[in-house]
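Accompanying notes for the structure given below.
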Amino acid sequence: MASILVLNGPNLNLLGTRQPEVYGSVTLAMVEDACTAHAQKLGLEVSCLQSNHEGALIDAIHDARGKHQGIILNAGAYTHTSIALMDALISVEIPAVEVHLSNIHAREDFRHTSYISKAAQGQICGFGAQGYLLALDALAARLKEAGTA
Ligand code: DQA
């Protein structure tokens, strides 16, 4: 069974209480549970991880080699700054989907740039927690096409 790494970056552990008017009221645990349930329906496994540390996120991407066939990444604010995370994604050659709860293009100018987009298959933003499930759908279709799932 193909396995997907659901990776969340800085401050996303605070989901549910962090600016609910922007990020909604669902907690990270709820997002991860929804991913697990949705993945089951798609015949996929998921592994979920959150870190506030750039290096730990890079390590998780490196560790995905040989274990996970797809990555869903919400890199939080590192999206807009981290060439290192972009390089890690390019290096491991695992298809990745970039997710943001908010519509980053409708927010401050500094959120319009994404280094992650340069390494991802595509970006889903603005649909709240549902974005993670849409990303799972996209990866499931990609893996099926590639004969990996
Ligand atoms: C975010 C958008 C980022 O700009 C922000 O720094 C976050 C969350 C989102 O999910 O909408 O931490 O990635």
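The values are calculated or read from the model by the stated rules, or taken from the named source; none is laboratory data. Quick caveat, the model's predicted, so the values are computed rather than measured. Ideal geometry is used to build each Cβ from the backbone, glycine not excepted, and the neighbour counts take in all protein chains shown. Just so you know, the surface numbers come from the protein's heavy atoms only, side chains and all, with ligands and any DNA or RNA stripped out. Shrake-Rupley method; radii C 1.70, N 1.55, O 1.52, S 1.80 Å.
Could you calculate the contour length gain from residue 148 to residue 21, that is, 0.36 nm times the residue separation minus the distance between their Cα atoms, to one decimal place in nm? Gain on stretching residue 148 to residue 21: 41.8 nm. For the chain, what does -39500 (n - 2.57) per DSSP helix run (n ≥ 4), summed and divided by total residues, give at 222 nm, in deg cm²/dmol to the nearest 500? Here the helix-only value at 222 nm equals -11500 deg cm²/dmol.
Maximal additional length on extending the residue 93-residue 118 stretch stands at 7.7 nm, based on 0.36 nm per residue less the C-alpha distance.
Taking all protein chains as they are arranged and a probe of 1.4 Å, the heavy atoms of residue 115 leave approximately 60 Å² accessible to solvent.
Based on DSSP loop calls and a cut-off of at most 12 other Cβ atoms within 10 Å, the longest stretch of the chain free of exposed GluC sites (Glu not before Pro) is what? The longest such stretch corresponds to 1-92. Between residue 52 and residue 127, residue separation times 0.36 nm minus the direct Cα-Cα distance comes to 24.7 nm.
Taking a span of 18 Å or more along the helix axis (Cα atoms) and a mean Kyte-Doolittle hydropathy of at least -1.0 as the rule, the DSSP H helices of the chain that qualify are 28-42, 130-146.
With both labels modelled 7 Å from their Cα along Cα-to-Cβ, the residue 77 to residue 33 distance reads 2.9 nm.
Can you give me the accessible area per residue for the chain, using a 1.4 Å probe, in Å²? With the other protein chains kept in place, the chain gives 48 Å² per residue. Computed with a 1.4 Å probe over protein heavy atoms only, the accessible area of residue 118 comes to about 140 Å². Using a 1.4 Å probe on the protein chains only, how many percent of the accessible area of the stretch 3-146 belongs to carbon and sulfur? Here carbon and sulfur together make up 51 percent of the probe-accessible area. By the rule of a C-alpha distance below 18 Å, with chain neighbours fewer than 8 residues away ignored, the lysines paired with residue 67 are 144.
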